[in-house]
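The values are calculated or read from the model by the stated rules, or taken from the named source; none is laboratory data. None of these values were measured; they are calculated from a predicted model. Ideal geometry is used to build each Cβ from the backbone, glycine not excepted, and the neighbour counts take in all protein chains shown. We work out accessible area using only protein heavy atoms, side chains counted, and drop any ligands, DNA or RNA first. Shrake-Rupley method; radii C 1.70, N 1.55, O 1.52, S 1.80 Å.
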Amino acid sequence: VTVDAVIINHVDEAPLLIDQAIERALQYKKPVYIELACNLAGLPTAEPTRHHFGFDGQSDPDALAGAVAHAAKVLNAAVKPTLVAGSKLRAAGATQTFRRLVATSAYAVASMPNAKGFISERDPHYIGVYWGPVSTPACSEIIESSDVYLFAGPTFTDYTTTGYSTLIDKQKMIEVAPKFVKLQGKTYQHVLMNEFLVELEKVIRPNAAALEAYRRIQGEAPLPQSSEQADKKPVSTRYLFAKIQAMLSSETAVIAETGDSWFNTMRLKLPEGCGYEIQMQYGSIGW
């Protein structure tokens, strides 16, 4: 559950152990647990010293070069390559880098459900949420028919794959994790996601074939528009979310709770700058 857990039983241990936990939280982008005895909570401790947190180091240069060359070779030879944004992009600090790769490559790009909002829904390359059989209309057809798809920061769980019903072939997938890249049976360790995406952008060739295919078959399941007649009918889920859609702006954020809201908020079209938060690690209401 955590990448580190510390128990503070003595005041003089507090600075070291708390700093240790913070350091590991920043390094691994995962939770830590700090337990502090209640009879120590109000006691003074040593004055803090200057300290820098969060240095992740750099990629292994050989592994980075190998991963970039291998991925570029596969992508540049593909007929209809595509990109998919995953939730770990944000933790790795690579969201902006991924957006630049989208623009440079001209590939069709989708978001996994727990990464909705990472790519602007007004981006001309954006084709919607990839969520297997409940994807945005035409999105799953484009992604699953692609001969190569690059998933950046994905989490493959029963929730994000709708019960593992997505039709993803691992042999066609390039998986870019925060600290490794995996493709065609090879794993390149100690490759930081941000550095990999920066270097890949330099050698990728534009290919809009998948995007053009999407535009030929794209569909939409619009929410109902408010009208005097509709306003007099019993409140339905579609009607409710049409009202929510009308409330959204660049100054709002959507927080999607576990359950039905997962599916209904996926259909919302987020205005530029509208935030979106969703939790798909476990089915706990009140996350």
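Looking only at strands (runs of 3 or more DSSP E) that lie completely in segment 161-207, which have at least 1 residues being surrounded by fewer than 15 Cβ atoms within 10 Å (Cβ to Cβ)?
186-189
Do we find that V102 is without any contact (Cβ under 8 Å) to a residue 60 or more places away in the chain and either surrounded by fewer than 23 Cβ atoms within 10 Å (Cβ to Cβ) or more than 18 Å from A210 (Cβ to Cβ) (or both) in this structure? Outline the logic, then answer.
On the way: without any contact (Cβ under 8 Å) to a residue 60 or more places away in the chain: yes; either surrounded by fewer than 23 Cβ atoms within 10 Å (Cβ to Cβ) or more than 18 Å from A210 (Cβ to Cβ) (or both): yes.
Taking the combined requirement at face value, the residue satisfies it.
Go through segment 1-40 and give me each residue that's open to solvent by 50 Å² or more (accessible area, probe 1.4 Å), under 30 Å from G153 (Cα atoms), outside any helix (DSSP H, G or I) and at pLDDT 90 or above.
The answer is T2, A5, P31, Y33, I34.
Sort out which residues of segment 131-167 are farther than 21 Å from A92 by Cβ, hydrophobic (A, V, I, L, M, F, W, C) and under 17 Å from the mean Cα position of the chain (by Cα), and write them in order of number.
W131, C139, I143
Any residue at all in segment 57-77 that's modelled with pLDDT under 90 and loosely packed, with under 15 Cβ neighbours inside 10 Å?
yes
Just for helices (runs of 4 or more DSSP H) wholly inside segment 55-125: which have at least 3 residues that are over 19 Å from the mean Cα position of the chain (by Cα)?
Because the criterion is at least 3 residues that are over 19 Å from the mean Cα position of the chain (by Cα), the helices (runs of 4 or more DSSP H) in segment 55-125 that meet it are 61-77.
For (1) more than 30 Å from G57 (Cα to Cα); (2) of a type in the set (A, V, I, L, M, F, W, C), each residue gets a yes or a no:
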site	(1), (2)
A152	no, yes
T162	yes, no
L167	yes, yes
A177	no, yes
L192	no, yes
L200	no, yes
A209	yes, yes
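Restricting attention to segment 204-217, does a residue exist that is polar (S, T, N, Q), closer than 30 Å to S261 by Cα and at pLDDT 90 or above?
Checked against the condition, which is being polar (S, T, N, Q), closer than 30 Å to S261 by Cα and at pLDDT 90 or above, segment 204-217 yields no hits at all.
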